[in-house]
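**Student:** Following this message is one structure expressed as structure tokens.
The values are calculated or read from the model by the stated rules, or taken from the named source; none is laboratory data. What you are looking at is a predicted structure, and each value in this text was computed from that prediction instead of being measured. Calculation scope for accessible area: heavy atoms of the full protein, side chains included, ligands and nucleic acids excluded. Shrake-Rupley method; radii C 1.70, N 1.55, O 1.52, S 1.80 Å.
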Amino acid sequence: MKRAMSSHTLDYPVCLRLEGRSVLLVGGGAIAEGRALAVLDAGARLRVIAPEATATLRRLAADGRLEWQPRSYKAGDVRGHHLVLAATDDVAVGRQVATEARDVGLWVNTADEPALCDFTLPSVGRRGPITVAVSSAGRAPALASHLRKKLTAQVTQHHIWLARLSGWLREHLPRGEGRQRLLKQVAVGDIGALLERGERKAAWARLRTELEHSKISGETR
């Protein structure tokens with residue numbers, strides 16, 4: 001079924017969890033390489049179909065990081081995957097991949113072909129567990145990349161440490177309003193401010209006080 005596209009429709013931003021999931025990538029050039037590295041970083045199981053591949057993709061295949069099938073795309077190749085990416089200079093192949101993926105209910109992204117995409121790929125920067133992603137809905141990739149670099153530069157080691165601390169607290173404390181209040185204190189409240197100023201002893205003392213005097217311990221997990 002053909003999906004209607006509108007230049008006024010906003011994208012719905014999500015972060016996909018691809019660990020252990022099968023991703024198909026059609027294409028073996030520089031753009032495909034970038035796509036491959038991103039999904040591998042996310043823990044996906046990647047299959048690349050392309051007659052030729054970059055040196056990096058060939059090395060990753062030799063190391064067992066991905067499966068490379070050195071051939072042209074053929075009908076039915078999309079089946080058995082969770083996500084499909086196409087990054088090929090052959091417009092006809094890109095259209096075939098998109099059509100077949102949609103016919104079997106798979107989400108597909110085709111590089112430089114917005115009308116053939118079910119989702120766009122933002123410009124991404126990472127600092128530890130923090131991801132900065134800027135999207136222009138496919139309209140201005142260069143601008144998105146420029147903004148992403150500026151925003152990522154503002155993420156410091158302090159923010160990375162706060163993110164990891166918050167993750168540890170979320171994992172070990174029971175759910176409830178008390179936990180939410182404490183997490184806010186760590187992120188943007190007094191505890192976070194103390195940590196940002198390097199006053200770790202005072203921050204830990206405040207954290208212990210909050211844990212001891214809050215109702216967190218009595219809340220249900």
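**Student:** Of R179, R206, which has the most accessible area with a 1.4 Å probe, and how do the rest follow in descending order?
**Tutor:** Greatest to least solvent exposure: R206, R179.
**Student:** How high is the relative contact order of the chain, in percent, with contacts defined as C-alpha pairs under 8 Å that are six or more residues apart?
**Tutor:** Taking the mean separation of contacting Cα pairs over the length of the chain, I get 12 percent.
**Student:** Antiparallel DSSP bridges in the chain: what percent, to the nearest 5?
**Tutor:** Antiparallel bridges: around 25 percent, rounded to the nearest 5.
**Student:** Kirkwood Rh, Cα Rg: Rg to Rh for the chain?
**Tutor:** Using only Cα positions, Rg/Rh for the chain is 1.09.
**Student:** So which aspartates and glutamates can K74 reach, going by Cα to Cα under 19 Å and dropping same-chain residues fewer than 8 places off?
**Tutor:** Answer for K74, where 19 Å is the Cα cut-off: E52, D89, D90, E100, D103, listed by chain and number.
**Student:** Among DSSP beta bridges lying fully in the stretch 61-150, give the percent that are antiparallel, nearest 5.
**Tutor:** 55 percent
**Student:** Express the carbon and sulfur contribution to the solvent-accessible surface of the chain as a percent, rounded to the nearest whole number, probe 1.4 angstrom.
**Tutor:** Accessible surface attributable to carbon and sulfur in the chain totals 53 percent.
**Student:** Below 8 Å between Cα atoms, with a sequence gap of 6+, how large is the relative contact order for the stretch 161-212 in percent?
**Tutor:** Over the stretch 161-212, the number comes to 28 percent.
**Student:** Hey, what did the stretch 116-221 get for relative contact order, percent, Cα under 8 Å, at least 6 apart?
**Tutor:** For the stretch 116-221, the relative contact order is 21 percent.
**Student:** Leaving out ligands and nucleic acids, and using a 1.4 Å probe, what accessible area per residue does the chain come to in Å²?
**Tutor:** 63 Å²
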